[in-house]
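Okay, so here's the structure we're looking at.
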Amino acid sequence: MTLEAAPTDELLYAVDEAGIARITLNRPQARNALTFAMYEGLVALCRRIEADRSVKAVIVSGAGDKAFAAGTDIGQFRDFRTAEAALGYERFMDTVLGSLERLRVPTIAAVAGACTGGGMAIAAACDLRIASADARFGIPIARTLGNCLSQSTLRRLSGLIGAPRVKDILFTARLVGADEARAIGFANEVVGDAEAVQARAGELATLLASHAPLTLQATKEGLRRLSEGPTGEGSDQSGDDLIVLCYTSEDFREGMDAFLSKRPPAFKGR
């Protein structure tokens, strides 16, 4: 596995020989609270992953076992005074989270400990979420900063757990435990501790990496378009382009041949 610094040393990036990429939010001393530089680094890494056809799945996690991410570093907001600053920040966040959401490959949030504010928004932008038994989720801005979420972030959260539960969590500003997060549909799985989270995320990423890349890509993109509605970006609601992408691919021919020949398919994503 090659480990290297992303655009900031507070964001680490590694890709193993199986094509599993790992993004690590690396500020454990600050419970992995994100700076603007880290957010910019996430966007850069998403572009890098899109350009690297060897990457087949992505795992996002926080350094240490205390937190996945405790949101945006509050110090980043000190100079906010105007409408332009507020709108600029939320549009910037939509770019960050949208870059993660639109990755062609499946993404897994490996959550240990606190996953709050922007951390929960990042987890929601991933495709699947594995949580430790002590994980806690929430966006307690009603009792802390007094800001609000963008429409895009509300869409992702309500798409996962429904508007009534989003209201409950935001209005009460409470933190949701791992078992409740799984019960309401936010966490896909709950395992023991941080080490178990990493192990399970690796197993799941390896499984996903073995499946037809274009099938996963078309499924992701089709569901994203449906969630955004007819006016969203890339809002071809028919999905004809996705159907053509898969059915005319080399992988589809390979899948048929492998099935008829009773052998495992060798998918290549083209």
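Things to note:
- Cys246 paired with Ser54, simple spin-label distance in nm, labels 7 Å along Cα-to-beta-carbon: 2.8
- Fraction of the pair-distance distribution of the chain above 31 Å, Cα-Cα pairs, percent: 26
- The residue among Gly162, Phe77, Ala181 whose Cα reaches farthest toward the positive pole of the charge dipole of segment 2-209, with charges on the beta-carbon of Lys, Arg, Asp and Glu, is Gly162.
- Global form of segment 183-270, assessed from the alpha-carbon gyration tensor, a/c cut-off 1.5: oblate
- The Ala196 and Gln29 beta-carbon pair, evaluated with R₀ = 25 Å, returns a calculated FRET efficiency of approximately 0.60.
- Loop-located trypsin sites (Lys or Arg not before Pro) in segment 190-262 (DSSP state other than H, G, I, E, B) with a sparse environment of at most 14 neighbouring Cβ atoms within 10 Å: Lys262.
- The trypsin sites (Lys or Arg not before Pro) found in segment 1-96 that occupy coil by DSSP, while having at most 15 further C-beta atoms within 10 Å, are Arg53, Arg78, Arg81.
- Across Ala133, Ala163, Ala85, mean-square fluctuation computed from a Gaussian network of the chain (C-alpha pairs under 10 Å connected) peaks at Ala85.
- With at most 11 neighbouring Cβ atoms within 10 Å, loop GluC sites (Glu not before Pro) (DSSP) excluded, longest segment of the chain: 18-232
- Using Cβ point charges alone (K and R +1, D and E -1), the dipole size of the chain about the Cα centre works out to roughly 400 debye.
- Over segment 1-148, the reciprocal of the mean inverse Cα-Cα separation, the Kirkwood hydrodynamic radius, stands at 15.5 Å.
- Selection of chymotrypsin sites (Phe, Trp or Tyr not before Pro), segment 69-128, meeting DSSP coil and at most 15 other Cβ within 10 Å: Phe80
- Dividing the convex hull volume of the alpha carbon atoms of segment 213-261 by its residue count gives 65 Å³ per residue.
FYI, it's all coordinate maths here, none of it is from the lab. Quantities reported herein were computed from a predicted structural model and do not represent experimental measurements. Glycine gets a Cβ as well: all are built from the backbone with ideal geometry, and neighbour counts include every protein chain shown.
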